[in-house]
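Notes to accompany the following structure.
The values are calculated or read from the model by the stated rules, or taken from the named source; none is laboratory data. Predicted, not measured: the structure shown is a model, and the values here were computed from it. Note that each Cβ is placed from the backbone with ideal geometry, even for glycine, and that neighbours are counted across all protein chains shown. Each accessible area value is taken on the protein alone, full model and side chains, heavy atoms only, with ligands, DNA and RNA left out. Shrake-Rupley method; radii C 1.70, N 1.55, O 1.52, S 1.80 Å.
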Amino acid sequence: MVVLLLVLLLTLSTAMTLLSLKKINNDFLVEQNDIKQQTQSQYNLLNEMLLSRLESWVELFGQLYQNEPDQIQALADSFAARFDFLQLNWQVEGIWLFDPKAALLYSTEPNLAPHILANTEQVYIEQRSNATTYCEQYCSKILSIPILDNTGQLNVVTLSVGLVDTLAFLNQSTKATLALVHLPEDTGSISANSLTIRGPLSKKNIEFVRTVINTMPDELSFESLAEYGTRVDLNGQSYFIVLIPIVTENAKLDYVLSAHNITDMIQTLRSYQRNILITASTVFIIALFVFYILTNSVRRRLVSLAARLPLLAQRDFDGFRQQVRISKHLFRDELDTLSDSAYELAERLEQLDKDVLAKTTELENIAMYDQLTHLPNRNMLLFQLKQAVLNLKREPGYAVVLIFDLDDFKKVNDSHGHTTGDHLLQEAAARFQSVVRETDIACRLGGDEFAILLQHIDDISGAIIVAEKLLERFRSPINVDNSRFYVSTSIGIAFTNSCDTDVAEIIRYADIAMYDAKSSGGNGYKLYNEAMSKLAIDKVALEDEARSALINDHFSFALQPQIELKTGKLVGFEALLRWNHPVRGAVSPGYFIPILENTEFMLSLGFWCIENAFKLLDEFRSRGYPDLKIAINLAAIQFLDPELIPYLQEKVRETGLSADLIELELTERTLVSDVQRTTEIMHQLVKLGFIISIDDFGTGYSSLSYLKNMPAHYIKIDRAFVDGMLSSNADKEIVASTVTMVQKLNMQVIAEGIEEQTQIDMLLDFDCDMAQGYFIARPIFQQDLFAELSEHYIDGNWHYGPAHHAGLNQS
């Protein structure tokens with residue numbers, strides 16, 4: 001502990017010292033930057049002052065000769081008389097005087113350089129003074145000044161002025177050694193060979209500047225020098241080198257190189273750094289000595305207590321109590337309090353340790369076992385499956401996972417309550433356990449989903465035997481309180497014989513296989529294969545696309561007429577769902593409905609169908625067809641939804657339409673999924689006035705014994721039997737007897753799939769009530785319906801012949 005405190009003290013001292021040194025260095029860098037900024041500002045200011053002075057001088061001369069008859073000529077004569085004075089005192093290198101037409105009136109130079117003429121022409125364009133810098137061997141300032149003569153016309157005076165005065169004044173104000181330098185554009189680093197020094201400079205200054213440049217670091221780039229400057233040590237002196245850019249007419253990289261002697265600043269900086277290090281070292285040594293004096297006695301007592309505290313971590317509570325306590329001093333201090341607290345802590349930790357041990361055992365049980373069925377849970381399954389997969393390295397064979405749930409278990413909870421559902425799960429768990437060996441494990445994963453892990457399986461056929469036993473266990477009903485439930489199960493099987501398999505993948509594969517079994521009608525098992533994963537992915541993608549299609553109005557109806565066979569009267573239409581996919585084109589209902597019918601999305605789609613049907617009926621009414629009805633196919637999940645009846649009531653109230661214009665079609669599979677609840681819902685709907693029909697009769701699991709208790713209005717004979725009438729006496733007899741028996745139950749019969757006149761003739765002989773099919777009419781796109789009605793609907797009858805509405809498939 002003492003060592004840690006010493007390290008902390010040293011760290012703090014070092015940190016404070018480094019921070020102080022860093023601040024001094026930062027202040028030094030700020031000072032260097034200030035030098036650069038001040039040099040730049042002073043250079044710009046001196047340039048402006050000298051140019052302003054020349055401009056004022058020229059304007060004054062122009063005013064002096066304003067009353068002369070030939071003012072501009074007098075001005076030219078004055079320039080000629082004073083040129084030597086201007087050269088000596090103002091560093092004027094040349095003077096050019098131009099008339100209003102830019103013709104040269106006076107010049108001190110035999111030739112007119114292009115840059116002189118360009119600068120002058122700019123004044124004629126802008127009507128104001130213009131100044132530029134031009135560098136060749138030397139650098140000059142070119143200043144063109146407009147002068148109005150006494151006739152009001154614009155003349156221009158152009159002066160070429162050397163930068164010697166500017167640099168001289170800059171030298172006086174900054175005390176720096178200055179030089180005009182030029183850098184070729186392709187130069188990356190700074191060297192004496194890369195820089196061109198523009199004169200005039202004394203030989204001594206040229207040699208100094210070249211020495212400074214050669215002393216700069218090799219890695220120093222031109223950009224860094226121009227942006228930040230650099231420091232150079234030369235002959236025991238330190239210099240700060242900065243570049244001041246000169247905006248020139250003919251070159252981009254002309255600069256004033258300024259070398260500032262900062263030797264005094266460097267010496268001051270080093271003196272500060274040395275003083276800080278000495279002070280910090282002295283303070284640390286003194287603090288170290290004081291710290292040792294103050295902590296030595298405390299340290300000994302802390303060491304004694306620290307030697308015994310690890311016994312608490314080792315749960316050696318008896319050993320801790322047997323140790324001699326720290327002797328108390330005359331004056332009680334914090335260590336005495338700490339010692340007493342340690343003994344009290346030991347007693348409480350001992351009790352807490354006992355409580356934690358008991359709670360840990362309880363939590364392990366909760367974490368690994370389901371509280372309702374007392375079966376192992378998902379956590380235990382994962383743990384045991386990992387062990388089983390690892391064991392495959394030593395003992396070749398298979399690790400098999402069976403995942404299964406109870407078909408339509410949600411209906412038990414919805415109709416009988418969760419308490420009954422929990423009792424049913426407990427009974428089901430007992431049946432699951434009865435088919436496993438001692439080496440296997442049955443688990444509850446959650447809800448009505450269970451799993452069985454089979455270990456040390458030599459052949460997959462053993463897993464299939466277990467699956468068949470599971471199915472057999474649920475052949476007989478489950479009795480809960482006074483209720484009897486016939487519950488089946490869907491089983492998915494996945495297996496591996498590799499010790500490198502990801503256990504989560506095995507469970508996922510078994511889950512996919514289970515849903516495949518459920519999609520196949522339930523009450524069966526499926527072995528996982530790769531095609532199932534693709535199907536599962538396709539299902540998710542299709543559901544997502546269907547949601548988008550519903551939002552973007554890609555669903556529509558195709559409507560197939562239903563007629564009375566004896567009269568030809570048009571009764572209404574069956575609404576067949578169609579999906580026009582923007583990429584896939586027309587998606588077959590036979591493809592997407594089986595995939596989506598057990599999803600929550602099917603509810604949204606079903607409500608859309610009802611909404612669309614009511615809109616179409618409202619349009620029928622407004623166009624003069626108030627008695628035509630529409631038949632809608634309802635999925636099982638839609639029919640058993642508690643929101644269905646309130647929604648239908650609200651639509652009838654909202655539209656004012658009669659409920660008997662809506663025919664709700666149910667499949668036999670919907671009927672037998674929960675006979676009691678289905679019958680109750682049918683009675684409620686019939687009481688409200690809705691029409692009920694049972695679709696695809698004869699292809700499912702129902703029988704006529706169900707029908708006598710169900711308030712259905714229509715029974716639809718599946719097209720498979722209607723097609724078979726022409727070639728099979730058995731099918732012919734089935735249709736005839738079905739019509740007779742259904743009519744005796746006070747229901748009407750609708751025959752589907754009519755494709756020939758002969759079928760109609762037979763059905764008339766059987767006294768069949770209604771029919772629909774291609775021979776009567778193909779399904780009609782919703783947007784084409786009223787055009788078809790105007791052609792075929794005459795005096796209440798549908799006039800039909802050979803099928804001629806191409807382009808749609810019958811659902």
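Here is how the numbers come out for the structure above:
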item	result
The chain: angle of helix 644-655 to the longest principal axis, Cα-based, in degrees nearest 10	80
Bins of 10 Å, starting at 0 and running to the largest distance - Cα pair percent for the stretch 435-489	20, 45, 28, 7, 1
Taking all pairs of distinct alpha-carbon atoms in the stretch 505-575, Kirkwood radius in angstrom	15.7
Accessible solvent surface per residue of the stretch 86-144, calculated while the other protein chains remain in place, 1.4 angstrom probe, Å²	51
Alpha-carbon centroids, the stretch 365-412 and the stretch 141-168: separation in whole Å	98
Gained length - D761 relative to N379, 0.36 nm times residue gap less alpha-carbon distance	130.9 nm
Burial ranking of peptide ranges 734-741, 716-723 (average Cβ count within 10 Å, highest at the top)	716-723, 734-741
Rounded if a/c under 1.5, otherwise prolate or oblate - the stretch 576-615, Cα gyration tensor axes	oblate
Nearest-ten-degree value, helix 461-473 long axis tilted from longest Cα axis of the chain	60
Cα centre as origin, Lys/Arg/Asp/Glu Cβ charges: the stretch 334-434 dipole, Debye	920
Amide H contacts of L148 (H built 1.01 Å from N, under 5 Å, at least 5 apart or other chain)	N155
Fully extended contour minus Cα-Cα distance, from N729 to L10, at 0.36 nm per residue	248.1 nm
In degrees, nearest ten, helix 334-368 long axis to first principal axis of the chain (Cα)	40
Extreme residue, positive dipole direction of the chain, given options N261, I776, L542 (C-beta unit charges)	N261
Sparsely packed GluC sites (Glu not before Pro) within the stretch 209-254, loop by DSSP, other Cβ within 10 Å at most 16	E219, E249
HN-Hα J in Hz across the stretch 241-247 - Karplus 6.51, -1.76, 1.60, θ = phi - 60°, x for Gly and Pro	9, 10, 10, 10, x, 10, 7
The stretch 377-439 - charge dipole about Cα centre, Lys and Arg +1 at Cβ, Asp and Glu -1, debye rounded to 20	420
Quarter of Cα convex hull surface for the stretch 547-592, i.e. mean projection, nm²	4.0
Long-range amide H partners of N523 with built H, under 5 Å	T489, S490
Isotropic mean projected area of the C-alpha convex hull, the chain (nm²)	73.7
Shape metrics for the stretch 587-698, restricted to C-alpha atoms - Rg then Dmax, Å	14.1, 41
Computed [θ] at 222 nm, helices only, for the chain once each DSSP H run of length n ≥ 4 contributes -39500 (n - 2.57)	-17000 deg cm²/dmol
Candidates per trypsin sites (Lys or Arg not before Pro) in the stretch 492-567, loop by DSSP, up to 16 other Cβ within 10 Å	K566
